[in-house]
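Working notes, beginning with the structure itself.
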Amino acid sequence: MNKKSVEWLYQELPDLIKKGVLTQETANNLKTHYGEIKPADKKWFMFFLYGLAGTILIGLGIILLFAHNWDQLSRSTRAVLSFMPLLIGQALVFWVLFKKPTSGIFKECSATFLSLMVGASIALVCQTYNIPGNAASFTLTWMFLIVPLVYLMQATIPAAIYCIGITAWAMQIVWNDPLRSMLFWPLIAVIVPHFIWSLRQEKYIVRATMLSFVMMICVLLGAQWTLEKSNNWPSSWIIIGPCLFTLFYLVGSYKFKNSSTNWQRPLLRIGALGIFIHAFFLTFRFSWDSISSRYPYYYKPMMSGLKTLPGSIISILIVTTAILLFYDFAKRRQLMKAMFGGLSVLAVIAYFLTAMGAPKALAMFLFNAYLFILSLTRIILGAKSNRLDIVNTGMFMLATLILARFFDSDINFILKGTVFILIGIGFLLTNVMMLRKQGVKNEK
Amino acid sequence: MKNKIIISVFSCLVLLQIATPLSMIMKRESTLKEGTLFRFKTAPVDPFDAFRGRYVALQIEESRVSLNKVSPELEHGQNAYAHIVVDKDGFAKISQVTALKPKGAPYLSVRIGYKGTKDMTIDFPIDRYYMEENAAPRAEKLYRRHSRQDAKDAYVTVKIKDGFGVIEGLYVAGQKIEDLIKAQGKR
């Protein structure tokens, strides 16, 4: 049960005892069962947020002050000055390690501050000595120097800064050096143990949520920029996209702790949304046209031969992990999860069928059928378990699919009309049957 | 025990974090002190860097080299050595670009850019000159105004030691750009 419901229950208890609904003993049993609500949680959250916002603003402010470039200062003064932010940041972290080694907020804020100060320090040196090169090399040095803080201080914001930095680096160098940009994957993998730790420790607390968002965006951008250009598969996004969203969705489906509100489970929600959007786009012909030679642009990978090996290995790793996760959920007979995750398998099959010359209409049909069955299952399961939110999302998915097909010019009117009427009749029949069922229940 | 490990690992990190900017500074200071001075003709333009501040980007004239000066085995992205000579006007010129380090002659480590049919670009390690926020756009304007009046006479002075170059100053019309801006401000 989530915390809000427990809070409500505890508020009700005295009244329930008074009215004789519960005995004092049962009330006590309930309290032992659900445990104490920590009143400090909310306070902690506010402390954390304000502390962090303050730290980040001060850190960025210092960087901006340095960026002004004070030309009254001599070269040697500036060289000495460039160590100041660094030393202050380090002193702060030292102090926290000695005096507040157990305080999550202090650790997080000091590590974030030091992370920003490392950037300020290198930036000032670059400025003083007119160090050449674009932001890529600067960012990479900066990120290497802060990543140990993530593990030393168990700090999530430096982890997020690192993810963003690595992604920005990969996006900058991919045009000149696509092979080196593949280092994005091992570099982002460095954060994974911390990410899993943060999910396990305080899964539904703001920092795990924040890192989930950042990780998802960075991995998606990284995949879009590095893999598509280097694995030598035309339109590999048809496979990579669905597999990545399957990964997000299924990893988010694992229960690291008791469930909580929706916004605190971004992996699950965004994963599901991504799966739906991908499946929806794959019902259109234009998605599949890119595999054939109609768009020669897609056929021009930036690399060839052995150089494509790292890209291909990482693509295969992503696909295999997604399919293994899908298999795990299918084996445990978690119907809804497995059906969402099934997109990865379907995408792989449809991609290879089409690449081997099967008509595109077959792939389009497969994804239409998939979305149709997925939304129907969702509606049915939602209706069975009396969950209106599930029914509604199912209905929304189905409505989107139907609308898209109604305006599709590829299918002839007679076929379209007949299918529409059949689905309409199906809906009405289900409705009538459900109403009758409910009527019977009410009469009883 | 655990705390001890954390503190010792953190101490190593502290040293590494200090050593990185320190080594960057030391290498450049030694070049500035001991390197040989060259003047490269350039054209400054004004872009912006969110972290490091404003700078004028330098388009070094010598960064485009005719193909007959370049060793034929050099390809895009490869590291190479640009041999430097001084012309009769006192400006640095590139006599050739090779894959092997020259002996006894001044050179600059460069990276091969894009190859054309007649010439090729080299990525010069001298591409930006940081200036004060308000000074950088004025520097560009000054240069433009000046270059219309007479011959383009902007150049950077660069100290070079063992193939490593560090910019010393940017000059427009024979004057250091910062002094020129100050003089313009007083007028």
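The values are calculated or read from the model by the stated rules, or taken from the named source; none is laboratory data. The structure displayed is predicted, hence computed values, not measured ones. So basically every Cβ, Gly included, is an ideal-geometry build from the backbone, and we count neighbours across all protein chains shown. Quick note on the areas: whole protein, heavy atoms, side chains included, nothing else; ligands and nucleic acids left out. Shrake-Rupley method; radii C 1.70, N 1.55, O 1.52, S 1.80 Å.
The charge dipole of chain A, taken about its Cα centre with unit charges on the Cβ atoms of Lys, Arg (+1), Asp and Glu (-1) only, comes to about 980 debye.
Per-residue shielding of B:5-13, expressed as the average number of other chain Cβ atoms within 10 Å of the residue Cβ, stands at 4. Taking all protein chains as shown and a probe of 1.4 angstrom, residue A:175 keeps an accessible surface of around 140 Å². Averaging 1/r across all pairs of distinct Cα atoms in chain A and inverting the result yields a Kirkwood radius of 25.8 Å. Heavy-atom accessible area for residue B:41, with the other protein chains in place and a 1.4 Å probe, reaches approximately 60 Å². Per-residue mean of foreign Cβ neighbours for A:66-76 is 4 (Cβ atoms of other chains, 10 Å radius). Residues B:118, B:176, ordered by accessible area of protein heavy atoms at a 1.4 angstrom probe radius and largest first, appear as B:118, B:176. Sorting A:151, B:143 on solvent-accessible area from highest to lowest, probe radius 1.4 Å, gives A:151, B:143. The Rg/Rh ratio for segment A:9-113 is 1.37, where Rg is the radius of gyration of the alpha carbons and Rh is the Kirkwood radius.
Among B:37, B:13, B:170, the largest mean-square fluctuation in a Gaussian network model of chain B, built with springs joining Cα atoms closer than 10 Å, belongs to B:13. Counted as membrane-span-like here are DSSP H helices of chain B whose alpha-carbon atoms extend 30 Å or more along the helix's own axis and whose Kyte-Doolittle mean is 0.0 or above; these are B:2-34. Ordering A:171, A:182 by accessible surface, largest first, gives A:171, A:182; the 1.4 Å probe counts only protein heavy atoms, with every chain in place. Across A:83, A:94, A:413, mean-square fluctuation computed from a Gaussian network of chain A (C-alpha pairs under 10 Å connected) peaks at A:413.
The alpha carbon convex hull volume per residue for segment A:40-175 rounds to 108 Å³.
Counted over all Cα-Cα pairs of chain B, pairs farther apart than 25 Å make up 46 percent. My understanding is that a pair violates if its Cα-Cα distance is over 20 Å; which of B:93/B:161; B:33/B:93; B:69/B:103; B:27/B:182; A:107/A:255 do that in this structure? Among B:93/B:161; B:33/B:93; B:69/B:103; B:27/B:182; A:107/A:255, the Cα-Cα distance tops 20 Å for B:33/B:93; B:27/B:182; A:107/A:255. Averaging 1/r over each pair of different alpha-carbon atoms in segment A:52-102 and inverting the result gives 12.7 Å, the Kirkwood hydrodynamic radius. With a 10 Å cut-off around each Cβ of A:143-152, the average count of Cβ atoms from other chains is 3.
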